[in-house]
Amino acid sequence: MVKKLISLLLTFILFLFASAQDSNVPQSDKKKLSKLTVTGYVQPQWQLGEDLASLQVGKQKHESEQSGLFNRVGIRRGRIKFFYDDGSLGSGGFQFNVVDKPGLEGAQVQIKELYVNVKAPWNKTSSIQAGVFNRPFSFEINYSSSALESPERARIISSLLPDECDLGAMLILNPGKHSPFHFLTFQGGFFAGNGINPETDNKKDFIGQLVASTAIGKLHIGAGVSYYNGGVFQTNDSVYVMNGNAFNLNVNGTNKGAYAKREYWGFDAQLNYHSVIGHTQLRGEYLFGTQPGTATTNCSPSRSELPLYEDTYIRPFGGGYVMLVQGLGRSPFSAIIKYESYDPNISVAGSEIGIPATATGNADLRYNMLGVGAFWQLTPAIRATLNYDIVGNETSDRLYSSSYRNDYSVDRKDNVFTFRLQYKF
């Protein structure tokens, strides 16, 4: 159904463009069409992974394949966005994505953004926005996927805030360039909390972000603080809560149908400087809070339906990343180094994980990653990226398994090399 709707929309837009070339079309219609902008990008990529690597394109390695390296080729992202601004108070956007993710049966067309924005008539720098759009949380969430220097967002970002976008409404406040507080922007509102999937419960999550940015000569500085306050629906009466280094089981009939606390704090900062050695970018984020999950996953919900029966595990988490992008003089080449860490359960570590009495397991392990790479900005539209990610996981003797794929008593072989070509229009 979604594919048919998108096909009809594309056909209609192409018809409008073709009609605009017709000299018999009224000038008023041509003027309206001139307010429509179309942008997009496509990211074909080839990835080479170690035995247990999780690649972002193609199917994951099958157990029957020989041990050693394996590779996949596919389209990481293929997006097109239509944006209309009437030049007055209203604007709207529609973006869809061609998804080629592991686990899907072939490529699928997916709505990424669909929203309307209404500006404040007194300054036109503040507005109300409603629909499906980027959550007002974190720097990387609101940093376009076409601008990302590393292949992916940090693990902690993609785990806590999958799909980047959510369904909701928010208020955007900026006092305007003539105000002494022009460097501040606030975005905040209420969201379904289920990514780009349909809403599945009655709970609305609050997400807010305060951002500051300024320039001092060639130095550009930015910083932000984000807050998320929401909940995850509990489908039964069993809830596990950390007490010291172990989960305590709370069984209570009132748990079923209630909401587990989902609360995040995020802090980010960015420095950009132009010099004779090239453009230098240094940025980082740190997040901490409380995340409801299950026994096997620490990720946020992003599903089309609620599960029938599922125990809830509430974990205190922490983590973030720091990243350096260094341009090489006036050349079109830049070097990248990114270190990130995500600890889904900061209350337990090492050999404590997996002790039966603690009810902890694989979902409580910390992950660290060092990414090293470079990209070539061949033209403003074309970029080629090479990147190698060295992935390390926390280990515990308690999580030993005779099955190689399920053994977490050692650091798993899951490093990934990525070659990506991007065309942006």
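The values are calculated or read from the model by the stated rules, or taken from the named source; none is laboratory data. Everything quoted here is computed from the prediction, not taken from an experiment. FYI the Cβ positions are ideal-geometry reconstructions off the backbone, even for glycines, and counts take in every protein chain you see. Each accessible area value is taken on the protein alone, full model and side chains, heavy atoms only, with ligands, DNA and RNA left out. Shrake-Rupley method; radii C 1.70, N 1.55, O 1.52, S 1.80 Å.
Assess whether Gly195 counts as being closer than 30 Å to Gly361 by Cβ, within 19 Å of the chain's Cα centre (by Cα) and either part of a loop (DSSP other than H, G, I, E, B) or touching a residue at least 40 places away in the same chain (Cβ under 8 Å) (or both). Quick ask: steps written out before the conclusion?
Numbers: closer than 30 Å to Gly361 by Cβ: yes; within 19 Å of the chain's Cα centre (by Cα): yes; either part of a loop (DSSP other than H, G, I, E, B) or touching a residue at least 40 places away in the same chain (Cβ under 8 Å) (or both): yes.
Against the criterion (closer than 30 Å to Gly361 by Cβ, within 19 Å of the chain's Cα centre (by Cα) and either part of a loop (DSSP other than H, G, I, E, B) or touching a residue at least 40 places away in the same chain (Cβ under 8 Å) (or both)), Gly195 qualifies.
Can you name the number of the only condition in (1) under 25 Å from Lys261 (Cβ atoms); (2) open to solvent by less than 30 Å² (accessible area, probe 1.4 Å) that Ser150 fails?
(1)
When the residues of segment 265-298 are filtered to those that are free of Cβ contacts under 8 Å to residues at least 60 places away in the same chain and in contact with a Leu (Cβ under 6 Å, 6 or more places away or on another chain), which remaining residue is nearest to Asp364 (Cα to Cα)?
Ranking the qualifying residues of segment 265-298, first place goes to Leu282.
Looking for something under 30 Å from His182 (Cβ atoms) and either in contact (Cβ under 8 Å) with a residue 24 or more places away in the chain or in contact with a strand residue (DSSP E or B) (Cβ under 8 Å, 6 or more places away or on another chain) (or both) - is there at least one such residue anywhere in segment 99-110? Lay out the reasoning, then the answer.
Here is the first cut: in segment 99-110, the residues under 30 Å from His182 (Cβ atoms) are none.
So far as segment 99-110 goes, no, none of its residues is under 30 Å from His182 (Cβ atoms) and either in contact (Cβ under 8 Å) with a residue 24 or more places away in the chain or in contact with a strand residue (DSSP E or B) (Cβ under 8 Å, 6 or more places away or on another chain) (or both).
Is it the case that segment 244-254 has a residue that's within 20 Å of the chain's Cα centre (by Cα) and either open to solvent by 20 Å² or more (accessible area, probe 1.4 Å) or closer than 30 Å to Pro356 by Cα (or both)? Full working, then the answer.
Going through segment 244-254, the residues within 20 Å of the chain's Cα centre (by Cα) turn out to be none.
The answer is no; no qualifying residue exists.
May I ask you to list pairs of residues, at least six apart or on different chains, whose Cβ atoms are under 8 Å apart, with the first in segment 158-169 being within 20 Å of Tyr286 (Cβ to Cβ) and of a type in the set (D, E, K, R) and the second being open to solvent by 20 Å² or more (accessible area, probe 1.4 Å) and at pLDDT 95 or above?
Glu164/Asn134; Glu164/Arg153
Tell me whether segment 177-186 contains one or more residues that are closer than 20 Å to Lys204 by Cα and part of a strand (DSSP E or B). Walk me through it before giving the result.
At the first step, the residues of segment 177-186 found to be closer than 20 Å to Lys204 by Cα are 186.
Subset that is part of a strand (DSSP E or B): 186.
So far as segment 177-186 goes, yes, one or more of its residues are closer than 20 Å to Lys204 by Cα and part of a strand (DSSP E or B).
Mind checking whether some residue in segment 31-51 is in a strand (DSSP E or B), over 30 Å from Pro121 (Cα atoms), hydroxyl-bearing (Ser, Thr, Tyr) and modelled with pLDDT of 90 or more?
yes
Restricting to segment 111-141, and then to whatever is of a type in the set (Phe, Trp, Tyr) and either closer than 19 Å to Gly78 by Cα or modelled with pLDDT of 95 or more (or both), can you tell me which residue is surrounded by the most Cβ atoms within 10 Å (Cβ to Cβ)? So that I can check it myself, show each step before the final result.
Taking segment 111-141 first, the residues of a type in the set (Phe, Trp, Tyr) are 115, 122, 133, 137, 139.
Imposing the further condition that a residue be either closer than 19 Å to Gly78 by Cα or modelled with pLDDT of 95 or more (or both) reduces the set to 115, 133, 137, 139.
Values: Tyr115: 21, Phe133: 26, Phe137: 28, Phe139: 22.
If we take residues in segment 111-141 being of a type in the set (Phe, Trp, Tyr) and either closer than 19 Å to Gly78 by Cα or modelled with pLDDT of 95 or more (or both), then Phe137 is surrounded by the most Cβ atoms within 10 Å (Cβ to Cβ).
Tell me which residues, restricted to segment 409-423, are over 20 Å from the mean Cα position of the chain (by Cα), open to solvent by less than 30 Å² (accessible area, probe 1.4 Å) and farther than 18 Å from Phe70 by Cβ.
Correct list: Ser409 only.
Only one of (1) out of contact with any Lys or Arg (no Cβ under 8 Å at 6 or more places or on another chain); (2) open to solvent by less than 30 Å² (accessible area, probe 1.4 Å); (3) not acidic (Asp, Glu); (4) not in a loop (DSSP other than H, G, I, E, B) is not met by Phe288, so which one is it?
(2)
Going residue by residue through segment 342-363, is there one that turns out to be under 30 Å from Thr200 (Cα atoms), among the hydroxyl-bearing types (Ser, Thr, Tyr), open to solvent by less than 10 Å² (accessible area, probe 1.4 Å) and part of a strand (DSSP E or B)?
Restricting attention to segment 342-363, the residues satisfying the condition of being under 30 Å from Thr200 (Cα atoms) are 342-346, 359-363.
Those left that are additionally among the hydroxyl-bearing types (Ser, Thr, Tyr): 342, 360.
Now drop any that are not open to solvent by less than 10 Å² (accessible area, probe 1.4 Å), which leaves 342.
When the remaining residues are screened for being part of a strand (DSSP E or B), the result is 342.
So far as segment 342-363 goes, yes, one or more of its residues are under 30 Å from Thr200 (Cα atoms), among the hydroxyl-bearing types (Ser, Thr, Tyr), open to solvent by less than 10 Å² (accessible area, probe 1.4 Å) and part of a strand (DSSP E or B).
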